[in-house]
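Engineer: Supplied in structure tokens, the structure appears directly below.
Read-outs throughout are calculated quantities, based only on the coordinates presented, and are distinct from any laboratory measurement. What you see is a predicted model, and the numbers here were worked out from it, not measured in a lab. Cβ: placed from backbone, ideal geometry, glycine included. Neighbour counts: every protein chain shown.
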Amino acid sequence: MAAKLKKGDKVVVLTGKDKGKQGEIASVNPSVNKAVVEGVNIAIRHTKQSQASQGGRIAKAMPIDLSNLAIVDKNGKPTRVGFRMEGDVKVRYAKTTGDVI
């Protein structure tokens, strides 16, 4: 099945502690249905100092479920994603505006 959300898409969080925040998808893991969004769902990780890194408390974006994300259309509103054929190419489009993503 084709992916509705991909790396680089601008999304908005629909539920949870970060509801309403927007960010860009850094990575997607379709096998567990989660994505990492920059600046959203931040957790503090305590890391040990090594020769390569300083160590200490490091903020890290944690994965968030794909069902809690919606892509942002050209108007800045959350929208659902649909698929259609344009010629012989399958494209994603925003359901609110009908524009190709």
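Engineer: Only residues that are without any contact (Cβ under 8 Å) to a residue 40 or more places away in the chain, surrounded by 12 or more Cβ atoms within 10 Å (Cβ to Cβ), outside any loop (DSSP other than H, G, I, E, B) and of a type in the set (Val, Ile, Thr): list them for the stretch 48-101, please.
Structural biologist: Listed by number, the residues that qualify are Ile58, Thr79, Val91.
Engineer: Among the residues of the stretch 48-91 satisfying the criterion of being out of contact with any Gly (no Cβ under 7 Å at 6 or more places or on another chain) and among the basic types (Lys, Arg), which is farthest from Lys7 (Cα to Cα)?
Structural biologist: My answer is Arg57.
Engineer: Can you confirm whether the stretch 28-41 contains a residue that is of a type in the set (Lys, Arg), in a strand (DSSP E or B) and over 18 Å from the mean Cα position of the chain (by Cα)? I'd like the intermediate steps shown before the answer.
Structural biologist: Going residue by residue through the stretch 28-41, those that are of a type in the set (Lys, Arg) are 34.
Next cut, in a strand (DSSP E or B) only: 34.
Next cut, over 18 Å from the mean Cα position of the chain (by Cα) only: none.
Looking through the stretch 28-41, none of the residues is of a type in the set (Lys, Arg), in a strand (DSSP E or B) and over 18 Å from the mean Cα position of the chain (by Cα).
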